[in-house]
Amino acid sequence: MPKNEEGGGRPHEKEVRIYSLATTVNECIIFLEELSGNRLLPIWIGITEGQAIAIRFSGIVLPRPLTHDLLLAAIKTLGYAVERVVISDIKENTFYARIYIHKGDTVHALDSRPSDAIAVAVRAGCSIFVEDKVFSRCQTLNKPITEDEVSKFKSDLKNLRPEDIFKGLKKEGSKGGEEEGGGPTKPGGDAPQKG
């Protein structure tokens with residue numbers, strides 16, 4: 001598979017990492033930071049998914065596995081490893097992702113919501129990538145540099161709405177979100193539109 005300069009991804013993918021996770025009363029926004037640039041990609045996710053991602057960074061040890069822990073354990077038990085996750089598309093304001101697993105020369109791309117893919121990635125310690133077309137189809141934010149920019153960014157986050165990011169997004173022709181790259185997202189999932 002051709003790899004990009006950032007390591008592990010394909011030439012049309014940009015490696016990202018979690019920049020921030022902001023929560024409101026009924027949803028979370030995860031901001032993915034482009035490693036080779038200055039863009040931030042916001043993705044609206046459900047509270048439960050946000051907690052599953054945040055818990056990995058909090059140092060809390062739970063007595064029983066969460067769903068994402070169980071999925072990773074099943075992958076490993078079957079002899080596979082998580083290679084990487086890719087935020088692969090956005091259609092009708094819904095994000096799509098894939099979890100790439102491999103065993104020897106065998107590679108499978110598992111259809112996933114971005115929140116679940118990211119929750120698995122932080123547990124597996126693998127890289128996260130975003131397809132170029134996702135960056136080009138939605139409005140991104142620029143990373144704040146100075147202290148004043150950081151303060152303004154935090155203030156702006158409090159009033160950020162999904163429609164602020166998806167202004168002018170052209171609707172892609174799709175068949176109900178069932179095309180390759182992801183399944184339909186339920187309300188409270190990884191779609192910025194409220195259901």
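Scanning the range 61-90 for residues that are more than 16 Å from A117 (Cβ to Cβ) and of a type in the set (D, E, K, R), we see that the one that is nearest to the chain's Cα centre (by Cα) is K76.
Against the test of being more than 14 Å from the chain's Cα centre (by Cα), under 25 Å from P11 (Cβ atoms) and of a type in the set (G, A, S), the options S58, S36 yield a single qualifying residue, S36. Highlighted here are the helices (runs of 4 or more DSSP H) found entirely within the range 84-195 that include at least 3 residues which are at pLDDT below 85: 147-158, 162-165.
Within the range 1-53, being of a type in the set (S, T, N, Q), under 16 Å from V134 (Cβ atoms) and at pLDDT 85 or above holds for one residue alone: S36.
The values are calculated or read from the model by the stated rules, or taken from the named source; none is laboratory data. As the structure is a computational prediction, the values presented were derived from the model and not from experiment. Every residue, glycine as well, gets a Cβ built from its backbone with ideal geometry; the counts of neighbours run over all protein chains shown.
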